[in-house]
Amino acid sequence: MKKLKTALLCLLAVAGLQAQTKPVYLDNTQPIELRVKDALSRMTLEEKVKLCTAQSKFSSHGVPRLGIPEIWMSDGPHGVRMEIMWDSWDHAGWANDSCTAFPALTCLAASWDPSMSHLFGNAIGEEARYRRKDVLLGPGVNIYRSPLNGRNFEYLGEDPYLASRMVIPYIQGVQENGVSACVKHFALNNQERWRDRIDVQISDRALYEIYLPAFKAAVTEAKVWSIMGSYNKIRGQYACENELTLNKILKGEWKFDGCVITDWGGAHNTKEAALNGLDIEMGTWTNGFTFSQSNAYDSYFLAVPYLKMLRSGEIPVSNVDEKATRILRLIFRTAMNVNKPYGSLASEEHHNVGRTVAEQGIVLLKNTTGLLPIDASKYKTIAVIGENATRKLTEGGGSSELKPKREVSALQALTEKFGADKVQFSLGYGSGAVSYDKVNKSPYDADKLRKEAVELASKSDIVIFVGGLNKNTQQDSEGDDRRSYGLPFGQNELIAELQKVNKNIVLVMLSGNAYEMPWLPKATTLVQGWYGGSEAGHAIANVLSGTVNPSGKLPFTFAAKLNDYGAHSFGAIAFPGDSIREEYKEDILVGYRWFDTKKIKPLFPFGYGLSYTTFEYGKIASDKKEYTADETIKLSFTLKNSGKVDGKEAVQVYASQPKASVVRPAKELKAFKKVFLKAGETQTVELEVKVKDLAFFNEATHNWTVEPGEFVLCNASSSADVKSQVKIQVK
Ligand code: BGC
């Protein structure tokens, strides 16, 4: 008994001693800032420098001596990417890294529903957590400037307000899991061609009003923990080493307290990177695992060359202290966060999230003969035609490529839905295999495919054509841009021929970009289906069959022709540049701001989307007639579901200032809400606009200015379909 007592006392004493001596940085009950300070005070200069670079393709150094772990990162915005080799881009071939493929971010943006962003962010965050990732490399919020940009599918559309509202809950959802979102690509990476060097010339106004707001919302509202610098140059300086965007705006004006991570290989100069706000340098190309320790990673700009400059005094030690502080903060928020949940991977729940987001994002563009929803009892034979009905669209595309646990194709889901006895398939057209840097030739005989499809269409009661773009290079893919606005692989010709032999054609287009539609006048039924991920097929089948009433709206304008876009109206120097320099000549008039102001009629405007029901908008009213600059305008109007089925409508509020001292767009989105109404139901919709959000960025004073005078606020079902307006005065 005595022995036991002594042993117990000893144990307690040791435990007490341990509790007393536990370093502050390891004590997770202490505030993070205290822990960071303590950890920093224990580190050597060499250890601090190490934190600033990669140690493998997707991880950066920890401090092994102090038990501070490495940071593990993974792409990307649509799902947690398969494991990649330590030193190369090859897939590692693990058996346990299959994920849920969530829809592409364009589809999420098309839902116009921030609650979808939160569901999405939280689910992908849980997958990242399960896969033991600390940083998820996404979401992307570069503004849709041209439909040729190969990476538009990874972004949230053409409007800074829509992108801002949609990105915030995504980031919050991810970070609730103790996983950092890494919003990218900061900034002005609005094309892939020459992305490694193109030097963007832009006005302050366009920068602040169009291209920065979504990043600002990510930093100041969502409190994102990391941000990825882009490859391009901004006013002569690389974005990953940019005094203006990183030091002045991000860390200065927005008070960002997280880490700036390079895009892979985005650093170019030790001193500029060190002094201009870069924290972690990630990259590519090393010579092999054992060799790389003393070779490639040590040669990174922020590795040994940086250490040498710190030792010589060319760069002050305070510079690395600041970076290490930010990196430690990121580690404590993620890798060393003991309160984070365990996460989960490729669960049924996550697949449901993916399907729901895909359903909410699908946009019905045309339904003039009421072919949709498809009443299968009317048809004996249903032809499904088009490569995208079966093609895996989670493969390829660059860094957002995924290895999903499942990917339900449109053909599979439509067959399940309408019955194998009715549905027949014909490829119709074919593209080549996915490749990152070269365009593979199609292995098919195009004439033969077309003839077979036309023949099937001619003897079928209804045709569901599933086409669009794909994830091949020079389509919707990283590293290069589309070369033309038209649909590829002979689809236009094929659609025209199908239209000759069958009147019941439902066109379902899967893409992350707009495209030309020469066949539109003859088309009765058109659905924009995006890239829907694992559950894409089910979402499409649910919408086509009416199980789900479509409610998505376009997050970018579909122009009739390429030169109608602002970026394409000023010749090559405005897009894609002369390979060295590019001038954003359309300035603040991006997307619908351009089309509206210049009175150019698009094929389908920003914010457009139909439903299987109809909505009646009441007249918009404001709570007052006059406001001061710090007030909020309370708006309301009635919305009635005047059709026969329940449905959702994304209502929009745009503002304009008819008389101003600077150019102001014809209208700008200032509020939106997705409203659910039962058939026949009427609701009063209430929305708010802060007067300060009516400001423009004043280049002379470098400030946001609300010019007193009259403003017009309207409720609208798209940027081109204004229902009513109210005029207010700002004093
Ligand atoms: C892409 C990034 C991506 C990174 C890592 C880069 O080439 O631009 O978006 O996160 O690679 O895969």
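The values are calculated or read from the model by the stated rules, or taken from the named source; none is laboratory data. Everything quoted here is computed from the prediction, not taken from an experiment. Neighbour counts are summed over all protein chains in view; Cβ atoms, including those assigned to glycine, are modelled from backbone coordinates with ideal geometry.
Check 131, 42, 65, 35 and return the single one that is of a type in the set (Lys, Arg) and within 22 Å of residue 260 (Cβ to Cβ). Break it down stepwise before answering.
Working: 131 fails: within 22 Å of residue 260 (Cβ to Cβ); 42 fails: within 22 Å of residue 260 (Cβ to Cβ); 65 fails: within 22 Å of residue 260 (Cβ to Cβ).
Of 131, 42, 65, 35, the one residue that is of a type in the set (Lys, Arg) and within 22 Å of residue 260 (Cβ to Cβ) is 35.
Within the stretch 636-687, if we keep just the residues that are of a type in the set (A, V, I, L, M), touching an Asp or Glu at 6+ places or on another chain (Cβ under 7 Å) and in a loop (DSSP other than H, G, I, E, B), the residue that is nearest to residue 162 (Cα to Cα) turns out to be 666. Does the stretch 203-225 include one or more residues that are touching a Ser or Thr at 6+ places or on another chain (Cβ under 6 Å) and either within 13 Å of the ligand (Cβ to nearest atom) or within 17 Å of residue 266 (Cα to Cα) (or both)? No, because not a single residue in the stretch 203-225 is touching a Ser or Thr at 6+ places or on another chain (Cβ under 6 Å) and either within 13 Å of the ligand (Cβ to nearest atom) or within 17 Å of residue 266 (Cα to Cα) (or both).
In the stretch 318-330, the residues that are under 23 Å from residue 224 (Cβ atoms) reach residues that are among the polar types (S, T, N, Q) with C-beta atoms within less than 7 angstrom, at least six apart or across chains, in these pairs: 330/180; 330/226. Between 607, 577, the distinction of being in a loop (DSSP other than H, G, I, E, B), in contact (Cβ under 8 Å) with a residue 60 or more places away in the chain and crowded, with 22+ Cβ neighbours inside 10 Å belongs to 607 only.
Conditions tested, residue by residue: (1) touching a helix residue (DSSP H, G or I) at 6+ places or on another chain (Cβ under 7 Å); (2) of a type in the set (A, V, I, L, M, F, W, C).
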residue: 73; (1), (2): no, yes
residue: 86; (1), (2): yes, yes
residue: 122; (1), (2): yes, no
residue: 132; (1), (2): no, no
residue: 138; (1), (2): no, no
residue: 145; (1), (2): yes, no
residue: 150; (1), (2): no, no
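A search for C-beta distances below 7 Å between a residue of the stretch 134-147 that is farther than 18 Å from residue 398 by Cα and in contact (Cβ under 8 Å) with a residue 12 or more places away in the chain and any residue that is aliphatic (A, V, I, L, M) and within 11 Å of the ligand (Cβ to nearest atom), counting only pairs 6+ apart in sequence or on different chains, returns 134/73; 135/73. Taken residue by residue, the stretch 337-354 has no member that is surrounded by 15 or more Cβ atoms within 10 Å (Cβ to Cβ), more than 23 Å from the chain's Cα centre (by Cα) and not in a loop (DSSP other than H, G, I, E, B). Screening residue 52 against (1) surrounded by fewer than 18 Cβ atoms within 10 Å (Cβ to Cβ); (2) of a type outside the set (S, T, N, Q); (3) away from the ligand (no atom under 16 Å from the Cβ) leaves a single unmet condition, (1).
Checking the conditions here, which among 97, 134 is in contact with a strand residue (DSSP E or B) (Cβ under 8 Å, 6 or more places away or on another chain), within 16 Å of the ligand (Cβ to nearest atom) and among the acidic types (Asp, Glu)? Step through it out loud before you land on a result.
On the way: 97 fails: in contact with a strand residue (DSSP E or B) (Cβ under 8 Å, 6 or more places away or on another chain).
Step by step, each of 97, 134 is checked, and only 134 is in contact with a strand residue (DSSP E or B) (Cβ under 8 Å, 6 or more places away or on another chain), within 16 Å of the ligand (Cβ to nearest atom) and among the acidic types (Asp, Glu).
Within the stretch 279-287, is even one residue away from the ligand (no atom under 16 Å from the Cβ) and modelled with pLDDT under 95? Yes. Pairs are defined by a Cβ separation below 7 Å, a sequence spacing of at least 6 or placement on different chains, a first member in the stretch 74-101 that is under 18 Å from residue 153 (Cβ atoms), and a second member that is of a type in the set (Lys, Arg) and assigned to a loop (DSSP other than H, G, I, E, B); the pairs so defined are 75/81; 80/131; 80/133; 99/403; 99/405; 100/405. Of the residues making up the stretch 423-450, those that are charged (D, E, K, R) and out of contact with any helix residue (DSSP H, G or I) (no Cβ under 7 Å at 6 or more places or on another chain) are 437, 438, 441, 445, 447, 448. Selection of the stretch 266-286 for residues being among the small types (Gly, Ala, Ser), farther than 13 Å from residue 243 by Cα and free of Cβ contacts under 8 Å to residues at least 60 places away in the same chain yields 266, 267. Residues being buried (at least 18 other Cβ atoms within 10 Å of the Cβ) and over 17 Å from residue 112 (Cβ atoms) are entirely absent from the stretch 668-686. Here residue 371 meets each of (1) away from the ligand (no atom under 16 Å from the Cβ); (2) in a loop (DSSP other than H, G, I, E, B); (3) under 20 Å from the mean Cα position of the chain (by Cα) with one exception, condition (3).
Kindly evaluate residue 486 against the criterion of being touching a residue at least 24 places away in the same chain (Cβ under 8 Å), within 16 Å of the ligand (Cβ to nearest atom) and within 35 Å of the chain's Cα centre (by Cα).
No, not satisfied.
May I ask you to list the residues in the stretch 235-254 that are more than 16 Å from the ligand (Cβ to nearest atom) and crowded, with 24+ Cβ neighbours inside 10 Å? Working first, answer last.
Taking the stretch 235-254 as the starting set, the residues that turn out to be more than 16 Å from the ligand (Cβ to nearest atom) are 235-237, 241-254.
Result: 241, 242, 245, 246, 250.
Of the residues making up the stretch 183-197, those that are over 18 Å from the mean Cα position of the chain (by Cα) and more than 13 Å from the ligand (Cβ to nearest atom) are 193, 194, 197. Between 109, 123, 128, 163, the distinction of being away from the ligand (no atom under 14 Å from the Cβ) and either more than 28 Å from residue 206 (Cβ to Cβ) or in contact with a strand residue (DSSP E or B) (Cβ under 8 Å, 6 or more places away or on another chain) (or both) belongs to 123 only.
Taking residue 230, is it in the same structural domain as residue 328 (by TED's automatic domain parsing) and within 16 Å of the ligand (Cβ to nearest atom)? Yes.
Quickly run through the stretch 390-445 and pick out the residues that are over 30 Å from residue 75 (Cβ atoms) and either within 16 Å of the ligand (Cβ to nearest atom) or among the β-branched types (Val, Ile, Thr) (or both). I'd like the intermediate steps shown before the answer.
Quick first cut of the stretch 390-445, residues over 30 Å from residue 75 (Cβ atoms) only: 414-428, 444-445.
Selection gives 415, 423.
Of everything in the stretch 58-87 that is buried (at least 22 other Cβ atoms within 10 Å of the Cβ) and among the charged types (D, E, K, R), the residue that is nearest to the ligand (Cβ to nearest atom) is 75.
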